[in-house]
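Report on one structure; see the data block that follows.
The numbers here are math on the coordinates, done by the rules we state, and not lab data. All values derive from a computational prediction rather than experimental measurement. Note that we place each Cβ from the backbone using ideal geometry, even for glycine, and neighbour counts take in every protein chain shown.
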Amino acid sequence: MFKRANGVLLPPPLIYLLFLAAAWALDGLLPLGLPQTLWTHYLGWGLIDAGVVLMLWAGLLMLWRRTTVNPYGTPAKLLEEGPFRVSRNPIYLADSLIYAGIALLWGTLWPWLLLPLLILTMQRGVIVHEERLLNELFGDAYRDYCRRVRRWL
């Protein structure tokens, strides 16, 4: 029903937004507030800023190297530079930083409770399909890259 040709169920940003919406709805039904302090405010915005910078860095590098940013597209190149030296999925890491920043600003426990399910959904619903495609396209070079670079951090 939602499944695309490469197996990715939904666009990754939409998955993150759906989990934020679920956290918001659950908080409306059963509030589980967390204390809000000045440091949670600054840390929340810091995580959002770091996520946006990381996302722009990875996305612009992909465009500069003429490969697709679209999870439904076919990559033209295997990137191993910039943020891809430390994470095989820097854009999803950036999405997660933004999610965590929003969670801190909201001051509710729900986004944190949903975070493991969100990571599992990303792993099984998106990343595994992308990794299969990259393995088919780039073979040994991709497998060597996977041995050197962790999936998230």
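Note on Tyr72 and Leu9: the extension gain reaches 21.7 nm, defined as 0.36 nm multiplied by sequence separation minus the Cα-Cα distance.
Let me make sure I get this right: for region 91-153, a, b and c are the square roots of the gyration tensor eigenvalues over alpha carbons, sorted descending. Under 1.5 in a/c it's rounded, otherwise prolate if a/b > b/c, else oblate. Which is it? Prolate is the answer for region 91-153, as a/c is 1.5 or above and a/b outweighs b/c. Here the chain has an Rg and Dmax of 16.7, 50 Å, counting Cα atoms alone. Exposure here means at most 16 other Cβ atoms within 10 Å; with chymotrypsin sites (Phe, Trp or Tyr not before Pro) in a DSSP loop as sites, the longest stretch of the chain lacking them is 73-151.
For Arg143 and Leu60, the difference between the fully extended length at 0.36 nm per residue and the C-alpha to C-alpha distance is 27.5 nm.
Rounded to the nearest 500, the helix-only mean residue ellipticity at 222 nm of the chain stands at -21500 deg cm²/dmol, with each DSSP H run of n ≥ 4 adding -39,500 (n - 2.57).
Considering only Gly101, Pro13, Gly139, whose Cα is most displaced toward the positive end of the charge dipole of the chain, charges sitting on Cβ of Lys, Arg (+1) and Asp, Glu (-1)? Most positive-ward Cα: Gly139. With a Förster radius of 22 Å applied to the beta-carbon distance between Leu32 and Val53, the computed FRET efficiency rounds to 0.15.
About the centre of its Cα atoms, region 35-148 shows a dipole size close to 160 debye [charges on the beta carbon of Lys, Arg (+1) and Asp, Glu (-1) only; nearest 20 debye].
In percent, rounded to a whole number, the relative contact order of region 27-153 is 36, using alpha-carbon pairs under 8 Å and six or more apart. Can you list the DSSP H helices in the chain whose Cα atoms extend at least 27 Å along the helix axis and whose mean Kyte-Doolittle hydropathy is 1.0 or higher? Helices meeting the criterion: 38-64. For Thr108, the residues whose amide H sits under 5 Å from its own are Leu34, ignoring neighbours fewer than 5 places away on the same chain, with H placed 1.01 Å from N.
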